[in-house]
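Reading through the structure tokens given below for one structure.
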Amino acid sequence: MATTIVPSDLTVTITESYSLNGVDYGNTMNKTYTSNGRVSQRVMSIDSKGDGVDWTDILALSTVDGQGQVVKTSYRYFRITNLDTTNTLNLRVYNGSDYVAIEVSPLSTQLFMDAGIDSPVGTGAITLADIQAIAGQSSSATEAIDVEFIMVTA
């Protein structure tokens with residue numbers, strides 16, 4: 001297939017800056033992901049938890065590109081930001097057999113950048129290459145929330 005897409009590098013910069021009693025703390029971290037050719041960025045609404053079973057699918061990782069789905073072996077970087085000022089974003093990360101739950105506070109961000117995340121005792125680690133789906137839910141029983149995410153793949 002002929003394409004006009006030229007893969008490029010993604011550079012992520014995280015800067016921490018904190019001053020306490022006149023002493024400065026913090027650091028800057030740069031990480032570069034090379035030869036990326038695909039990006040998905042979106043603002044979307046996430047349902048309220050209602051009765052506790054309502055989850056909004058955010059992203060699926062599989063063997064082919066498709067609607068709301070990317071190739072998991074090409075995964076590089078995923079960032080999701082809770083745009084709500086009051087309610088927490090409950091994330092559910094699934095690897096086909098185990099779930100990991102992550103709370104993202106109002107106006108906060110969660111990054112998935114490298115090898116893996118811890119999962120419940122006895123289930124081992126869920127590596128990012130193993131993730132099959134990411135879903136979300138508002139902590140509110142009645143109010144939906146908005147999130148923004150970006151996913152970069154090779």
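The values are calculated or read from the model by the stated rules, or taken from the named source; none is laboratory data. Keep in mind the model is a prediction, meaning the values are calculated, not measured. Cβ atoms come from the backbone with ideal geometry, glycine included; neighbour counts cover every protein chain shown. These accessible areas exclude ligands, DNA and RNA; they are computed on the full protein's heavy atoms, side chains included. Shrake-Rupley method; radii C 1.70, N 1.55, O 1.52, S 1.80 Å.
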Taking θ as phi - 60°, what are the ³J(HN,Hα) couplings along region 31-36 by the Karplus curve (6.51, -1.76, 1.60), each to the nearest whole Hz, with x for Gly and Pro?
-> 9, 10, 10, 8, 6, 9
In a GNM of the chain with a 10 Å cut-off on Cα contacts, which of 64, 100, 23 has the highest mean-square fluctuation?
-> 23
FRET efficiency, residue 54 to residue 10 (Cβ-Cβ, R0 25 Å, nearest 0.05) = 0.15
What does the accessible area per residue of the chain come to in Å², with a 1.4 Å probe and no ligands, DNA or RNA counted?
-> 59
